[in-house]
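Notes follow the structure.
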Amino acid sequence: MKFPFIKREDPEIYTALVGEEKRQAEGLELIPSENYVSHAVKEAMASSLTNKYAEGYPGKRYYGGQEFTDAVETLAIERAKKLFGAKFANVQPLGGANANIAMYFALLSPGDTVLGMDLSHGGHLTHGHPVTYLTKIFNFVHYGMKDVETGEIDYDEMRRVAKKTKPKIILAGFSAYPRELDYAKFVKIAREVGALAVMDIAHIAGLIAGKAAKNPFDYGFDIMTTTTHKTLRGPRGGMILVRESEELAKKIDKAIFPGFQGGPHMHQIAAKAVAFGEALRPSFKKYAKQIIKNAKAMEKVFKKSGARMLAGGTDNHLILLDVWTSYGISGGEAERLLDRAGITLNKNAIADDTRKPMDPSGIRFGTPAITTRGLGSAESARVAELMIEVLTKRDDTTVVRVRKEIKKLAKAFPIPDSFEK
């Protein structure tokens, strides 16, 4: 029996937990930032380390009883460094946003400028959207796509803005951009204006770790921030990696603690260490490559149907589909319809969107989670076909029929308890 203590002590939470497990088991998760973790990661998250305060860093704690916390955090650090080719790693950030904020605090003074990707062209809120408090402290300027149909970044405009505004950081990375960036150009522009080159790899960390995508450190990037879930298939959390500068690493450590966070969540760090160990296995490389193959299989189906994909398709794990132009349906309505059919994804604004953020023109979906379940290119293509049926017909009969097929597919590819070595 699952959750026996919760069932006895808190029936309401038990009902919600069982319901969520059933939802995940019977449907397919296509949200690009979601994945399934192994039972080993879950065990670490539920371990007695959740009881332990460990303010500070290995060998330099402010509380006693740190023998095993030091061992756990050191393992997480060493595995992270090996995965990404970094000389330094801080595994304490509680999430990706925390990692980005601490990175800013470490490297900038109030009023300093950051050049990052515009949210409407695929960036992230923490890259300087006006709704965030970060914009009250730092000055954010933005770059975007030169051509939204191909995804080509306007590097000439980036250079012009960089020379004009003299940013301290040039930030690459995205939350809804389906192409690969030209890292060499980012570094060249950063060096021209004396900026640090930072990459937010949150979405593609697993692809980089699995050698299925280029590593920005190989092109001279100074720092990478990331989440530890998404394609990396670990617990929800964050991390900051430094390529080689000990000075930058020390600044980041001080910014995380005591500057920004208190005691680290040691159960979370243990789970990160387990996930990093899984990602170091040869099988993870196969997994990372299959994520992209599955996304390309879905791209092919949508392209054949004449649907409009932002940037014309994908080079990574995600697709941004303009459902308003393609099917005459809003992103919000598409999300709800597909959810009823057992396909979970998220509504998403597209470049130059004329609709409101809570009901935009697009949807965003990807293949990390279904690839974890073992779906291959053929099954991914079939899921794309079923999505098109729901989005074009939009009647209850179609939704019910598709949900039955999705349920059968989910049963044929159950969520795994562990990953092969």
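Residues of the range 231-254 with the amide nitrogen closer than 19 Å to a label point 7 Å from the Cα of Ser47, along Cα-to-Cβ, please. It comes to 233-239, nothing else.
Rounded to whole numbers, the Karplus 3J(HN,Hα) couplings from phi for the range 250-262 are 5, 4, 5, 4, 5, 5, 5, 9, x, x, 10, 10, x Hz, using 6.51 cos²θ - 1.76 cosθ + 1.60 with θ = phi - 60°, and x at Gly and Pro.
Quick query: amide H of Phe88 versus all other amide H atoms, modeled in the peptide plane; which residues come in under 5 Å with a sequence gap of 5 or more or a different chain? The answer is Val242. Applying 1/(1 + (r/R0)^6) with r as the Cβ-Cβ distance of Asp182 and Arg23 and R0 = 35 angstrom yields a FRET efficiency of 0.30. Here the label points at Lys214 and Ala16, each 7 Å from Cα along the C-beta direction, are separated by 4.4 nm in the simple model.
Fully extending the segment from Arg336 to Glu389 would add 17.6 nm, taking 0.36 nm per residue of separation and subtracting the current Cα-Cα distance. Report the residues of the range 319-358 in range of a label on Glu405: point 7 Å along Cα→C-beta, backbone N strictly under 19 Å from it. Only 327, 334-345 fall inside the zone, counting backbone N under 19 Å.
The stretch between Glu9 and Glu192 holds 59.8 nm of extra length on full extension. This uses 0.36 nm per residue minus the Cα-Cα distance. Annotation: lysines with alpha-carbon distance below 16 angstrom to Lys411 (same-chain offsets under eight excluded): Lys22. Applying the Karplus relation 6.51 cos²θ - 1.76 cosθ + 1.60 with θ = phi - 60° to the range 191-199 yields 3J(HN,Hα) values of 5, 4, 10, x, 9, 7, 9, 10, 10 Hz, where x marks Gly and Pro. For Glu152, the residues 5 or more places off, or on other chains, whose built amide H falls under 5 Å of its own are Lys146, Asp147.
Past 24 Å, Cα to Cα: identify those pairs from Lys185/Lys286; Lys87/Lys163; Lys7/Lys42; Lys146/Lys303, in the order given.
Details: Lys185/Lys286 29 Å; Lys87/Lys163 30 Å; Lys7/Lys42 18 Å; Lys146/Lys303 21 Å.
Listed pairs above 24 Å: Lys185/Lys286; Lys87/Lys163.
For the pair Tyr62 and Ile137, the difference between a 0.36 nm per residue extended length and the Cα-Cα distance amounts to 24.0 nm. Cβ crowding within 10 Å ranks Ser33, Ser380 as Ser33, Ser380, fewest other Cβ atoms first. Less than 5 angstrom separates the built amide H of Asn348 from those of Gly362, Ile363, Arg364, all sequence-distant by 5 or more or on a different chain. Highest mean packing first, where packing is the average number of other Cβ atoms within 10 Å per residue, the peptides 12-21, 34-43, 365-374 line up as 365-374, 34-43, 12-21. Judged by the mean number of other Cβ atoms found within 10 Å, the most tightly packed of the peptides 383-395, 233-245 leads the ranking 233-245, 383-395.
For Rg and Dmax of the Cα atoms in Å, the listed values are (1) 30.5, 111; (2) 21.5, 63; (3) 23.1, 69; which was obtained by calculation from the structure presented? Structure-derived value, by its label: (2). Residues in the range 363-379 carry Karplus couplings, in order, of 10, 10, 8, x, 10, x, 6, 5, 5, 4, 6, x, 5, x, 4, 5, 5 Hz; the curve used is 6.51 cos²θ - 1.76 cosθ + 1.60 with θ = phi - 60°, and Gly or Pro positions show x.
The numbers here are math on the coordinates, done by the rules we state, and not lab data. All of these numbers come straight from a predicted model, not from anything done at the bench. Note that each Cβ is placed from the backbone with ideal geometry, even for glycine, and that neighbours are counted across all protein chains shown.
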